[in-house]
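Trainee: I have a structure here, written as structure tokens, and I will follow up with some questions on it.
The values are calculated or read from the model by the stated rules, or taken from the named source; none is laboratory data. Because the structure is a prediction, the values reported are computed rather than measured. Protein only, heavy atoms only, side chains kept; ligands, DNA and RNA dropped before computing areas. Shrake-Rupley method; radii C 1.70, N 1.55, O 1.52, S 1.80 Å.
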Amino acid sequence: MKYEKRYKYPHMQPNDVAIWERYIDAFPTAYEEVDYDVKVGEGAEIPSGTEENFANGFKTLTQWKIDVVGKVEGRVDIIELKPNASPAALGQVKGYEELYLQHIDPIAKTQAVLITDTLRPDMKALAEKFEVKLIII
């Protein structure tokens, strides 16, 4: 998809949308293209006896979802949008990065990115330690 503001973003909450649109305004040429709500991981096991029409959507429903995957100059940014992000968000985005490599593109040059609206204590040092690009917007 084209990297620009949209009418709607799949599964994004209003606070996430506000952060993302501030980011787009601040960095209008950051990405060549983006994908939203990118599904990664195995998903939950389908319970036996589940009707086929429900089983098909069950995996998708229970997979992890990356907020945004941004692509630019051969790099793939795995982006988590998180108001008032805590250290847990760092683990979340690193986990999504690993699942992207396992399930979508094992040779991608990836970067975990956490975009938040608040700089909480210790977050800069932790982000650096865990190799997550931290953006406060």
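Trainee: Report, to the nearest 10°, how far helix 87-103 tilts away from the longest principal axis of the Cα atoms in the chain, using its own Cα long axis and a range of 0 to 90°.
Mentor: Helix 87-103 and the main axis of the chain meet at about 50 degrees.
Trainee: Which entries in the list 2/82; 39/129; 8/109; 5/65; 2/129 go over 24 Å, if you measure between the two C-alpha atoms of each?
Mentor: 39/129; 8/109; 2/129
Trainee: Just to verify a number: what accessible area does residue 1 come out at with the full protein assembly present, 1.4 Å probe, Å² rounded to tens?
Mentor: Number for this one is 100 Å².
Trainee: Between helix 52-62 and the chain, what is the angle of the helix's C-alpha long axis to the longest principal axis, kept within 0 to 90° and rounded to the nearest 10?
Mentor: Taking Cα atoms only, the helix is inclined about 20 degrees.
Trainee: What part of the accessible area of segment 1-94, given as a whole %, is carbon or sulfur when the probe is 1.4 angstrom? Walk me through the numbers before you get to the answer.
Mentor: Numbers: 2870 of 5560 Å².
Carbon-and-sulfur percentage of accessible area, whole number: 52.
Trainee: Kindly report the accessible area of segment 47-137 per residue (heavy atoms of protein chains, probe 1.4 Å, no ligands, DNA or RNA), in Å². Walk me through the numbers before you get to the answer.
Mentor: Numbers: 5220 Å² over 91 residues.
Result: 57 Å² of accessible area for each residue.
Trainee: What percent does the relative contact order of the chain come to when contacts are Cα pairs within less than 8 Å and at least six residues apart?
Mentor: Values: 227 pairs, mean separation 30.3, N = 137.
22 percent.
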